[in-house]
Amino acid sequence: MVGRTSMASLILISLAAAASIMTPTASALIHVVGGSNGWEIPPNATFYAEWAKPRTFGVGDKLVFPYRTGAHNVLQVSAKDFETCSDDDVINYFFKGPTVVQLNATGDYYYYSGVGTHCEAGQKLHITVGKAPGSSGKFYYSAAISASPLAPAPAPPVSSATAAQLSGVFASVFAVSHWLFV
Ligand SMILES: *[C@@H]1O[C@H](CO)[C@@H](O)[C@H](O)[C@H]1NC(C)=O
Ligand SMILES: *[C@@H]1O[C@H](CO)[C@@H](O)[C@H](O)[C@H]1NC(C)=O
């Protein structure tokens, strides 16, 4: 006979299993580095950090570095090399544009263009791949902007959104409306 406690844990386990089945697993994102700017000498030194900031990078996501072969390249280096634009510990070297890398593990990834003084000019990207699924961060922005009291909120497009991004939107909308009406 199954006791009350073990029945309860059985139900919990089944619920957890159902939830994990419903969680989208094929939600890997493709991040186009630099957006419409691509992988170029940036207008300022914080450009790629600003591009990465709203994003979440998940395991299985891909980075696309759009550039013309010969004009730029992509060196994956250590944190120390990244800071100093040196090439003592080159982990990977890509020179045929566009470069696509799949982020297969959690951790920190450091890239720069090793052509000329591109790295010194700020053509460098540091990202951290975490356990959460990838996100472009755009939905958070549009939720925050559309929640402005002056502009009526347009519905964000939902077709391509993952469940995680959607729940993020609802959370932000809730947080903003909470702030507006309390
Ligand atoms: C860097 O350049 C981008 C693109 O022009 C711009 O959006 C951003 O505000 C700039 N950042 C700084 C700190 O000037
Ligand atoms: C990541 O995994 C894919 C698929 O298994 C493999 O083709 C690719 O070489 C891996 N990338 C790196 C940087 O290890």
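The values are calculated or read from the model by the stated rules, or taken from the named source; none is laboratory data. Please read all numbers here as calculations on a predicted model, not as lab measurements. Note that we place each Cβ from the backbone using ideal geometry, even for glycine, and neighbour counts take in every protein chain shown. Heavy atoms of the whole protein, side chains included, go into the accessibility calculation; ligands, DNA and RNA do not. Shrake-Rupley method; radii C 1.70, N 1.55, O 1.52, S 1.80 Å.
Summarise the accessible area of segment 26-132 (1.4 Å probe, protein heavy atoms) by the percent that is carbon and sulfur. With neighbouring chains kept in place, the figure for segment 26-132 is 53 percent. Determine which residues of segment 52-70 fall in the zone a paramagnetic label at ASN104 would reach in this model, i.e. backbone nitrogen under 12 Å from the point 7 Å along Cα→Cβ. The answer is 60.
Could you work out the local net charge near TYR112, counting Lys and Arg as +1, Asp and Glu as -1, over the other residues with Cβ closer than 11 Å to its Cβ? Walk me through the intermediate numbers first.
Values: positive: LYS124; negative: ASP81, GLU83, ASP87, GLU120.
Charge balance in the 11 Å sphere: -3.
Residue by residue, segment 34-46 carries 3J(HN,Hα) couplings of x, x, 6, 6, x, 9, 9, 5, x, x, 8, 6, 9 Hz when phi is fed to the Karplus relation 6.51 cos²θ - 1.76 cosθ + 1.60 (θ = phi - 60°); x denotes Gly or Pro. Where both bridge residues fall in segment 26-132, DSSP classifies roughly 75% of the beta bridges as antiparallel.
How high is the relative contact order of segment 26-132, in percent, with contacts defined as C-alpha pairs under 8 Å that are six or more residues apart? Numbers along the way, then the final one.
Values: 229 pairs, mean separation 35.6, N = 107.
So the answer I get is 33 percent.
Whenever you get a sec, line up LYS80, LYS53, LYS131, LYS62 from highest to lowest accessible area (probe 1.4 Å, protein heavy atoms). Mind showing how you got there, number by number?
Working: LYS80 135, LYS53 170, LYS131 195, LYS62 75 Å².
Ranked list, largest accessible area first: LYS131, LYS53, LYS80, LYS62.
For GLU40, GLU120, the ranking by accessible surface with the largest value first comes to GLU120, GLU40, using a 1.4 Å probe. Comparing ILE30, GLY116, PRO98 along the charge dipole axis of segment 26-132, the residue lying farthest to the positive side is ILE30, per the Cβ-charge model.
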